[in-house]
Amino acid sequence: MHLTGLLERLRQIQAYQDLLRSLRERQPVADQHLLRAARPYVVAALAADLGRPVIVLTGRVDRAYNVAEQMPVWVPDLPVQRFAEPTAIFYERAPWTETTIRSRLDTLATLVKPVGTRPEPDAPAPIVVSSAYALMQKTMPVREFRAGSRVLRAGGRAEPDALLRHWLQIGYAPASIVVGPGTFSRRGGILDVFPMSAGWPVRIEFFGDEIESLRTFNPATQRSLDSVSEVIITPAREALPRFTPDVADR
């Protein structure tokens, strides 16, 4: 069920038009004293009308979850990113779940495009939903995330051994068979890698140093699916392994 049509009623209200104009002109905006139940409705209209990334920050984790679940109902055409918080309590030294890691890295990949990425003028701006607890966790600086990301294109050139070393430096783990995100494998002139921000792993076939083809494949059957023109490989961790010696020294 989609409720996009109800946004038109909100756009007819003068108070909303004044708020939208202030945001477009980057003027300070006073507290709107919105009911909590109405906030996803107003945010959805603002995100659709502003046409630029919008961050929704909540004071509690459960409210962030509720907002993220409601957004597709109001604006089904806009991507909604959930910048998640760790499942462990802040003073616990417990590993984060894969879902948390992927949601955070996927959000960073959406907001920070690597150098050499072709612009997409018609791409919709995302809505990022997060909680104060999620933002309290330190993440990778923009320059490091961008420097660690790579764009590989069919017909381009790349040295396979250099790619493997780079993937290790940005947190990917070697595996005999690629079945999960953040892993890679090599079989002769074929490299398999599962980017953290991708829905499917990618099989890269080389002819020397030239990328002969890029194809997605099913990790369950290892059978190829579709050919793609390019693949973006972003860091697999928010704390890069190459910084580990510096951390240990401290």
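Okay, here's what the table says:
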item	result
Point-to-point label distance, residue 227-residue 205, nm (Cα→Cβ direction, 7 Å offset)	0.9 nm
Förster radius 51 Å - calculated FRET efficiency between residue 15 and residue 218, Cβ distance, rounded to 0.05	0.50
Spin-label proximity, residue 247 to region 70-93 - amide N less than 20 Å from point 7 Å beyond Cα toward beta carbon	84-93
Å² per residue, accessible surface of the chain at 1.4 Å	59 Å²
Dipole magnitude (debye, nearest 20) for region 50-112, charges at Cβ of Lys, Arg, Asp, Glu	160 debye
Expected 222 nm ellipticity per residue - DSSP helices of 4 or more, -39500 (n - 2.57), all of the chain, to 500	-9500 deg cm²/dmol
Region 100-195, dipole about Cα centre (Lys/Arg Cβ +1, Asp/Glu Cβ -1), debye to the nearest 20	160 debye
Contact order relative to length of the chain, as percent, for alpha carbon pairs under 8 angstrom and 6 or more apart	16 percent
Electrostatic dipole magnitude of region 1-90 [Cβ: Lys, Arg +1; Asp, Glu -1; Cα centre; debye, to 20]	100 debye
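The values are calculated or read from the model by the stated rules, or taken from the named source; none is laboratory data. Keep in mind it's a predicted model, so treat the numbers as computed, not measured. Glycine also receives a Cβ, built like all others from the backbone with ideal geometry; neighbour counts cover every protein chain displayed. Side chains included, ligands, DNA and RNA excluded: accessible areas come from the protein's heavy atoms. Shrake-Rupley method; radii C 1.70, N 1.55, O 1.52, S 1.80 Å.
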